[in-house]
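J.: Got a structure for you, questions after.
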Amino acid sequence: MSFDPEAVRAFERAGWERAAAGYESAFATATRQFVDPLLDAAAVGAGDRVLDLCCGPGFVGGAALGRGGRATGLDFSAAMLAEARARFPAVDFRPGDAEAPPFEDSCFDAVVSNFGIHHVPCPALALSGAHRVLRPGGRFAFTIWAGHADNIAWKLVFEAIGRHGDPRASSAPPPGGGFASAEDCLAALADAGFVDTGTRLVRAIWRHRDAASLLAALAAGTARMAALIAAQPAGALPEIGAGIEAAAAPWRDAGGLALPIAAVVAAGKRP
């Protein structure tokens, strides 16, 4: 299937519109664990003007506000923006495209994106846009999910689908991403003109009652993973869930499943 940026944009927008209402109790229980390391990488502090690209329901902007920053959030999902405005009324949330941020040059002290950049059709455009709206010396930071060796939750799901379902069942268009590793992030930052670049692997634990809870969170709070789960053959999900349960035994404790997850936090500075 050839790459079609408009198909990617339409797919992602529809997915996040659907996920908005349930995101906080579903996937945000994973992604919020990386907000503070993201803001640390961008050196966000009191008085800083902060832009959160692909802001979703606003947790990063809210955290920046908590540090004394002046936060603006940008997203193309009206449903996500409605959630964000209701939750953080003091943050300036605006509709817009991360590939072409509708702001003047050099008007932010920091730009951040928590698991958003790899969802846009052309991430290189988003990085160039972040570079443009940053003041000289300002920092840009973003997160991507680390590989399956560090993300046991993802590894369990994909391996179970591979054994009991169809990993090619989703009709989602190919992403424009290209961020599979820390090295990919560093190369993209350099191509966009950032200097003093670096990455950090941040680990966390994502807790779930059982495999059904994990699958439900992914189905309710994601776009691509939700599409893959929904596209599984009839009757496959019980076997997929049972496969996850069996393989997750090493990470089960008295509270259920304590699944290791990890993110690459990448950052650079505008010269």
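The values are calculated or read from the model by the stated rules, or taken from the named source; none is laboratory data. Source: prediction; values computed, not measured. FYI the Cβ positions are ideal-geometry reconstructions off the backbone, even for glycines, and counts take in every protein chain you see.
J.: Only residues in the stretch 141-168 that are over 16 Å from Asp210 (Cα atoms) count as the first member; pair them with residues that are modelled with pLDDT of 95 or more and of a type in the set (Lys, Arg), Cβ under 8 angstrom, at least 6 apart or cross-chain, and list the lot.
T.: His148/Lys155; Ala149/Lys155; Asp150/Arg203
Results for (1) over 25 Å from Ala141 (Cα atoms); (2) under 23 Å from the mean Cα position of the chain (by Cα); (3) surrounded by fewer than 19 Cβ atoms within 10 Å (Cβ to Cβ), shown as yes or no for each residue.
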| position | (1), (2), (3) |
| --- | --- |
| His208 | yes, yes, no |
| Thr222 | no, yes, no |
| Ile229 | yes, yes, no |
| Gly243 | yes, no, no |
| Ala247 | yes, no, yes |
| Ala258 | yes, yes, yes |
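J.: Looking only at the stretch 244-271, count how many residues are at pLDDT below 95 and of a type in the set (Asp, Glu).
T.: 0
J.: Another one. Just for the stretch 81-102: of the residues that are part of a loop (DSSP other than H, G, I, E, B) and in contact (Cβ under 8 Å) with a residue 40 or more places away in the chain, which one is surrounded by the fewest Cβ atoms within 10 Å (Cβ to Cβ)? Before the answer, list the steps.
T.: As a first pass, look at the stretch 81-102 and keep what is part of a loop (DSSP other than H, G, I, E, B): 88-91, 96-102.
Restricting the remaining residues to those that are in contact (Cβ under 8 Å) with a residue 40 or more places away in the chain gives 98, 101.
Working: Ala98: 27, Pro101: 23.
Here the answer is Pro101.
J.: Filtering the stretch 1-46 down to residues that are of a type in the set (Ser, Thr, Tyr) and within 19 Å of Leu214 (Cβ to Cβ), which residue is surrounded by the most Cβ atoms within 10 Å (Cβ to Cβ)? Explain how you work it out, then say what you get.
T.: Here is the first cut: in the stretch 1-46, the ones of a type in the set (Ser, Thr, Tyr) are 2, 23, 25, 29, 31.
Within this subset, residues satisfying the condition of being within 19 Å of Leu214 (Cβ to Cβ) are 23, 25, 29, 31.
On the way: Tyr23: 23, Ser25: 12, Thr29: 15, Thr31: 25.
My answer is Thr31.
J.: Please indicate, with yes or no, whether at least one residue in the stretch 58-70 is within 21 Å of Asp97 (Cα to Cα), aliphatic (A, V, I, L, M) and assigned to a strand (DSSP E or B).
T.: For the stretch 58-70, residues within 21 Å of Asp97 (Cα to Cα), aliphatic (A, V, I, L, M) and assigned to a strand (DSSP E or B): absent.
J.: Right, here's the next one. Gly268 is checked against (1) more than 26 Å from Ala20 (Cα to Cα); (2) among the small types (Gly, Ala, Ser); (3) within 21 Å of the chain's Cα centre (by Cα); (4) not in a strand (DSSP E or B) and fails just one. What number does that condition carry?
T.: Single failed check for Gly268: (4).
J.: Shifting gears a bit: Only residues that are in a strand (DSSP E or B) and not charged (D, E, K, R): list them for the stretch 129-138, please.
T.: Of the residues in the stretch 129-138, the ones in a strand (DSSP E or B) are 134-138.
Selection gives Leu134, Pro136, Gly137, Gly138.
J.: Can I ask one more? Looking at the structure I just gave you, is Val265 within 30 Å of Arg139 (Cβ to Cβ) and either surrounded by 14 or more Cβ atoms within 10 Å (Cβ to Cβ) or without any contact (Cβ under 8 Å) to a residue 12 or more places away in the chain (or both)? Reasoning before the result, please.
T.: Numbers: within 30 Å of Arg139 (Cβ to Cβ): yes; either surrounded by 14 or more Cβ atoms within 10 Å (Cβ to Cβ) or without any contact (Cβ under 8 Å) to a residue 12 or more places away in the chain (or both): yes.
So Val265 passes the test.
J.: Still on this structure, I have one more. Of Ala160, Ala141, Ala126, which residue is assigned to a helix (DSSP H, G or I) and within 17 Å of the chain's Cα centre (by Cα)?
T.: On the way: Ala160 fails: within 17 Å of the chain's Cα centre (by Cα); Ala141 fails: assigned to a helix (DSSP H, G or I).
Answer to the check: Ala126.
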